[in-house]
Amino acid sequence: MDEELTVLKSIYLDDLIINNDQETSISITIYSNGDENDFDPDKRLLFITLIAELPSTYPDIDSPKITLCRSRGLTDQQLDELNSLISSCLELNSGSCVLYECIELIRSKLSLYELPHEACAICLTLINNRNDIIKTNCHHFYHKNCLASYVQIKKNELEEKYQEAIKCKFAMEKDFRNDIEDPVCRQILSSTVIEQLPSSTIETINNKEENRELIKKLSPNIRQWQERTHALFQQQKEKGGIINLDKTQEIIFS
Ligand SMILES: [Zn+2]
Ligand SMILES: [Zn+2]
């Protein structure tokens, strides 16, 4: 038993507390594996504390007595499931060291529970690969690519608004260009979330611009044609052959 505890201590370090009162017991708070967003365990949604009382006859004759307590974010149903998983794990491994097994079993379950059960609100398909997911600061889940495209579109919109405001000399309280709202709850997305998004969408937009440049260079005819049609358009407008939308609107609204 001492050997097992030494190994556990070297794995879990300060997370594992060993009490050597009359009877040895250990306690450890287990968090889900989390994702890249969650370096800080305080921000993890789910955790549970496992306490194992170890009789002196463990592991040869008796199993430890395991209690799960002080959980956060787990439903009663999930707690029941964890408890019965622990029971069957103890039963299966009776006579051998089982603590590591139990702790990691719970951790993998917490990680599963943490996966969102609803669809990505942007593309409406289910999220089933942890690596594709991004969790926002407001605890909403999206596909990384979906959120990246959304953020790019919003960024462009805000930039346009900003330029417009400068042009019209509107008084601005602050630079709002990075105030991108979560698609669902409208909270401002934190810069750490945005930094984690793949940049592929930005590249595609740049590529499009590059293509446009290329077309311009390759065919001066296109430019000429554009100028000719523009002149034709002006001519027809002057003759009244084309309805001027701006003017019509002015008439309607005045
Ligand atoms: Zn999606
Ligand atoms: Zn949100």
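Since every read-out is calculated from the coordinates, none of them should be taken as a lab result. In this text the structure is predicted, and so the values were computed from the model without any measurement.
Return the subset of 9/144; 161/239; 65/109; 154/174; 109/144; 9/65 for which the Cα-Cα distance in this structure is over 28 Å, preserving the input order.
The answer is 9/144; 161/239.
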- Item | Estimated vicinal HN-Hα couplings, Hz - the stretch 139-154 in sequence order (Karplus 6.51, -1.76, 1.60; Gly, Pro = x) | 6, 9, 10, 9, 5, 4, 5, 5, 5, 4, 5, 4, 4, 5, 5, 5
- Cα Rg, Dmax, the stretch 2-114, angstrom units: 14.0, 43
